[in-house]
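The values are calculated or read from the model by the stated rules, or taken from the named source; none is laboratory data. It should be emphasised that the depicted structure is a prediction, and the values quoted were computed from it without experimental measurement. Cβ: placed from backbone, ideal geometry, glycine included. Neighbour counts: every protein chain shown.
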Amino acid sequence: MRLPCSASWDTARIGLIGGECTGKSTIAAMLAERLPGSVASEVLREFVATRGRVPRMDEQRQVMLDQVAREEALAVEVSSHSAGGRRVVIGDPAPAMTALYSDVYYGDDSLLGDAVQHAGCYDLVLWCRPDLPWVPDPGQRDGPEYRALVDERIGRFVRDHLAPAGIGVIELTGDVSARLTTAVAAFHARMAAASRAWQPPASAPAT
């Protein structure tokens, strides 16, 4: 099944990947203020907070689809309010994280193909690495050992799936300030490259 992925010249998209407690939401909020942009928040966190448990294996696809739908709705909304400037939609996180969690926790890799396809929608994919102090969040986070395990799985996903698909990934490391600097620079470099590559539509031949 092909996941929806709207594209608009006036809307740029950033996807965040990374394990728990790797600063994704912090960076998303800071990017939203700096660029500026709008954040599509995490469906999984709301699922756990509401139901008091993580999704079962048979619920993972719907969580992923709900994350995609939230991001798509936001992209349409910000595009409709564009007034000449480029708007930015930030996926916190990218739907790929649901696919990766499903693989890590349940050995279910059935969502990875869709995750790769959707990752191709982004102008920029940012990988938040786990070199930040661990901060407990009871009911939401499993522990630093799982953070490391998920980060290792992300590494293989990037190497074996995203890279062969031509999807580049920028790693964010260091403190929050360093991560923000790297992310902003990468975003502006990507937008500049996209502008250089863009060609206006050919004029219709005179009749």
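Can you work out which of the residues in the stretch 49-62 that are of a type outside the set (A, V, I, L, M, F, W, C) and in a helix (DSSP H, G or I) is surrounded by the most Cβ atoms within 10 Å (Cβ to Cβ)? Out of the qualifying residues, it is Gln60. Picking from residues in the stretch 30-48 that are in contact (Cβ under 8 Å) with a residue 12 or more places away in the chain, assigned to a helix (DSSP H, G or I) and more than 16 Å from the chain's Cα centre (by Cα), the one that is farthest from Asp66 (Cα to Cα) is Arg34.
For Gly18, the criteria (1) at pLDDT below 95; (2) in contact with a Lys or Arg (Cβ under 6 Å, 6 or more places away or on another chain); (3) closer than 28 Å to His188 by Cβ hold in every case but one, which is (1).
Just a yes or no: is a residue in the stretch 85-96 among the basic types (Lys, Arg), within 17 Å of the chain's Cα centre (by Cα) and part of a strand (DSSP E or B)? Checked the stretch 85-96: at least one residue is among the basic types (Lys, Arg), within 17 Å of the chain's Cα centre (by Cα) and part of a strand (DSSP E or B).
Screening the stretch 106-207 for helices (runs of 4 or more DSSP H) wholly inside it with 2 or more residues that are modelled with pLDDT under 95 and among the charged types (D, E, K, R) returns the ranges 144-157, 176-197.
The test for being assigned to a loop (DSSP other than H, G, I, E, B) and in contact (Cβ under 8 Å) with a residue 40 or more places away in the chain does not hold for Leu16. Which one is surrounded by the fewest Cβ atoms within 10 Å (Cβ to Cβ), of the residues in the stretch 63-81 that are of a type in the set (S, T, N, Q) and more than 17 Å from the chain's Cα centre (by Cα)? It comes out as Ser80.
Restricting the stretch 160-178 to residues that are surrounded by 13 or more Cβ atoms within 10 Å (Cβ to Cβ) and hydrophobic (A, V, I, L, M, F, W, C) leaves a set whose member that is farthest from the chain's Cα centre (by Cα) is Val176.
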